[in-house]
Amino acid sequence: MTLDIVGADLPVRLRSGATVRFAHLDYAASAPCARAAADAVQRLLPWYGSVHRGAGARSARSTLEYERARQAVADFTGARSDDTVVFTRNTTDALNLLAHALPAGTTTVVFDGEHHANLLPWPNAVRLPTPPDPDTAVALLDRALAGIAGPALFAVTGASNVTGELWPVRRLAAVAHSHGARVAVDAAQLAPHRPVDLDALGADYLAFSGHKLYAPFGAGALVGRADWLDAAEPYLRGGGASAAVGDHAGDVTWATGPARHEGGTPNLLGAVSLAAVCEALAAADRNALHAREQQLLARLQAGLADVPAAVPVSLFSDTHPRVGIVSLALPDHDAATVADRLGADHGVGVRAGQFCAHPLARRLTGATRPGGCATGPAALLRISFGLGTTDSDIDRVVAALSAETGSVASNEGLALLTAR
Ligand code: PMP
């Protein structure tokens, strides 16, 4: 099983007519596919059939593979005996499922710097201002939970999709648990970069997406305590979620276990490819992957120091630990225009906008009003990378930014960087 990237050397034609290797630096939106995921799909294509629905060989094998995939995701996340794994479409779907399953009267506490997927699903939410540092985060959470009676859930991202910074999840989880609250971790950006063990994080629930984890689109997972999920009404009503249906409306016995929330024909290829990456990552040298990521990050940060028009933004501080994600404010430029030029004139793929974290983008840029997403005062330009990213990709984005923002030191700086 390999974590090599499929399509690592795609050629793109620039506006000038030249052809260059595409430098994909938008992993935080969707990462490219790992060979392990592609192989898993390829292996199953001749065989796939309907999961849990047939007696023939295809269906039997598909059911087996689907349940194996569930076990692989459980192993990847260190699922405990009272946890369950529900396959979902993505992180958004996983967090909405959890919101749906909350016991009546549960209050959810979130910081307002979350991705919208972890901001909007919660029916009864207390929003805390994004803190300037981890200590303040802990204090704010402690105070908020002390004022809440009844069941509570604290939902937090593992790594910011805007700044890449790691949230102090363990510390926050300890505070939440001291108040009897449960903890959900949005691991959409954490899982591709760091181990995501439920106990190590102090999490009761973890949500993540296959398409950010080097698998194709369409599958994600919610992993965590089974009791709330088992007691909840089915998330999607229909076949698969029902065990027995009578002749009268409402006369239905719902399925138990994960099937209760997986109504409809499951996305077998999505689950199997997601699981294949989980297994490949579990077998990989995570320390080496981490070291390589931090090397690329340092190279990028050093290069950006020579691009004064592009200002990296941080939640906590410039030196706070972060994964391979950096967002830039471009006070004198339109982020969308610069991103378009990077693509069309340099063959470098980045993303401009507010990255589905509008309150955070406004806070980081000092913008005062909600506005258009990719243009306008709150728009940022995000560079994000991971497996398969090369030194040259990093140098190219720095050079392209220099060229497009009229920064002067770029060529010299680049020559130095390349020589290192
Ligand atoms: N949370 C975070 C931190 C994310 O970065 C994203 C995707 N940008 C999501 C949730 C939502 O993921 P998906 O679109 O796969 O549902």
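The values are calculated or read from the model by the stated rules, or taken from the named source; none is laboratory data. Every value quoted in this text rests on a predicted model; they were computed, and no experiment measured them. Quick reminder, even Gly has a Cβ in these numbers, built from the backbone with ideal geometry, and neighbours come from all protein chains shown.
Tabulated data
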| quantity | calculated |
| --- | --- |
| Of all residues making up segment 149-176, the number that are small (G, A, S) and more than 11 Å from the ligand (Cβ to nearest atom) | 6 |
| Unmet criterion (only one of (1) closer than 20 Å to K212 by Cα; (2) without any contact (Cβ under 8 Å) to a residue 60 or more places away in the chain; (3) not small (G, A, S)) for I148 | (1) |
| Counted residues, segment 379-413 - those being more than 24 Å from F22 (Cβ to Cβ), at pLDDT below 85, assigned to a loop (DSSP other than H, G, I, E, B) and not β-branched (V, I, T) | 1 |
| Residue that is farthest from the ligand (Cβ to nearest atom) [pool: residues in segment 177-200 that are surrounded by fewer than 24 Cβ atoms within 10 Å (Cβ to Cβ) and not in a loop (DSSP other than H, G, I, E, B)] | S178 |
| Test result for A137, out of contact with any His (no Cβ under 6 Å at 6 or more places or on another chain), within 21 Å of L297 (Cβ to Cβ) and among the small types (G, A, S) | no |
| Test: S50 is modelled with pLDDT under 95 and either assigned by TED's automatic domain parsing to the domain that holds A137 or of a type in the set (K, R) (or both) | yes |
| Members of segment 151-175 that are touching a residue at least 40 places away in the same chain (Cβ under 8 Å) and among the charged types (D, E, K, R) | E165 |
| So A8, is it within 16 Å of the ligand (Cβ to nearest atom), aliphatic (A, V, I, L, M) and within 25 Å of R341 (Cα to Cα) | no |
| Residues of segment 131-162 satisfying the condition of being touching a strand residue (DSSP E or B) at 6+ places or on another chain (Cβ under 6 Å) and either part of a loop (DSSP other than H, G, I, E, B) or small (G, A, S) (or both) | A144, I148, A152, A155, G158, A159, V162 |
| Complete set of residues in segment 264-305 that are of a type in the set (A, V, I, L, M, F, W, C), outside any helix (DSSP H, G or I) and surrounded by 14 or more Cβ atoms within 10 Å (Cβ to Cβ) | A284 |
| Residue in segment 346-360 that is touching a strand residue (DSSP E or B) at 6+ places or on another chain (Cβ under 8 Å), of a type in the set (A, V, I, L, M, F, W, C) and part of a helix (DSSP H, G or I) present | no |
| Residues located in segment 212-228, provided they are closer than 17 Å to A271 by Cβ, in contact with a Ser or Thr (Cβ under 6 Å, 6 or more places away or on another chain) and surrounded by fewer than 24 Cβ atoms within 10 Å (Cβ to Cβ) | P216 |
| Residue match in segment 85-106 (condition: under 13 Å from L153 (Cβ atoms), more than 24 Å from the chain's Cα centre (by Cα) and of a type in the set (S, T, N, Q)) | yes |
| Criterion: surrounded by 24 or more Cβ atoms within 10 Å (Cβ to Cβ) and within 16 Å of the ligand (Cβ to nearest atom) - qualifying residue of T130, T88 | T88 |
| Some residue of segment 161-174 being in contact with an Asp or Glu (Cβ under 7 Å, 6 or more places away or on another chain), in the same structural domain as L120 (by TED's automatic domain parsing) and farther than 23 Å from A29 by Cα | no |
| Among the candidates A215, A244, residue that is farther than 30 Å from P32 by Cα and either small (G, A, S) or not in a loop (DSSP other than H, G, I, E, B) (or both) | A244 |
| Given (1) of a type in the set (A, V, I, L, M, F, W, C); (2) buried (at least 16 other Cβ atoms within 10 Å of the Cβ); (3) more than 20 Å from G202 (Cα to Cα); (4) within 12 Å of the ligand (Cβ to nearest atom), index of the condition L120 fails | (2) |
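Conditions (1) among the small types (G, A, S); (2) in contact with an Asp or Glu (Cβ under 9 Å, 6 or more places away or on another chain), marked per residue:
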position: C33; (1), (2): no, no
position: Y48; (1), (2): no, yes
position: G54; (1), (2): yes, no
position: A57; (1), (2): yes, no
position: R61; (1), (2): no, no
position: L64; (1), (2): no, no
position: G78; (1), (2): yes, yes
position: V85; (1), (2): no, no
position: N90; (1), (2): no, no
